[in-house]
1. List every residue pair whose Cβ atoms sit under 7 Å apart, with the two residues 6 or more apart in sequence or on different chains, where the first one lies in segment 1-30 and is over 16 Å from Thr58 (Cβ atoms) and the second, anywhere, is basic (Lys, Arg) and surrounded by 15 or more Cβ atoms within 10 Å (Cβ to Cβ).
2. May I ask you to list the residues in segment 50-73 that are closer than 18 Å to Arg15 by Cα and either touching a Leu at 6+ places or on another chain (Cβ under 9 Å) or modelled with pLDDT under 95 (or both)?
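The values are calculated or read from the model by the stated rules, or taken from the named source; none is laboratory data. For clarity, every value in this text was computed on a predicted model and none was experimentally measured. Counting neighbours? That spans all protein chains shown, and the Cβs are built from the backbone with ideal geometry, glycine included.
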Amino acid sequence: MFQVNNQRYYLRMLRFPDSTGVFCLGIPNKQLPKRLINAELIQNKLIEKFEQDASQPTNYIVTVKGSKNENILRTTYRLNLSNPQQPKLTKILVVYKR
């Protein structure tokens, strides 16, 4: 849960049997969660870790595992939801395979 402009929101990650995740945003007691827009880099990916940034409640840190066909082991993103209708996704760390 986090709050923006006196409105509470919640972010959920739905995990599918193939271990991929889809992020959804909702408003408690008003709106069912809907798929998060403008976040294609983290949607339908293998999510290794997902946690709220303690210093910024509207930010989440998401770590995505690379696929077998990629030269990337994992990528960490900052998901900024200070404007929930237009989330911002920033790449903060890429770990490459040897």
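1. So the pair list comes out as Thr20/Lys45; Gly21/Lys45.
2. Looking only at segment 50-73, we keep the residues that are closer than 18 Å to Arg15 by Cα, and these are 50-52, 60-67.
Of everything in segment 50-73, those that are closer than 18 Å to Arg15 by Cα and either touching a Leu at 6+ places or on another chain (Cβ under 9 Å) or modelled with pLDDT under 95 (or both) turn out to be Phe50, Gln52, Tyr60, Ile61, Val62, Thr63, Val64, Lys65, Gly66, Ser67.
Results for (1) within 23 Å of Ile72 (Cα to Cα); (2) in contact with a Cys (Cβ under 9 Å, 6 or more places away or on another chain); (3) at pLDDT 95 or above, shown as yes or no for each residue.
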| site | (1), (2), (3) |
| --- | --- |
| Met1 | no, no, no |
| Tyr9 | no, no, yes |
| Phe16 | yes, no, no |
| Ser19 | yes, no, no |
| Val22 | yes, no, yes |
| Gln31 | no, no, no |
| Asn38 | yes, no, no |
| Gln43 | yes, no, yes |
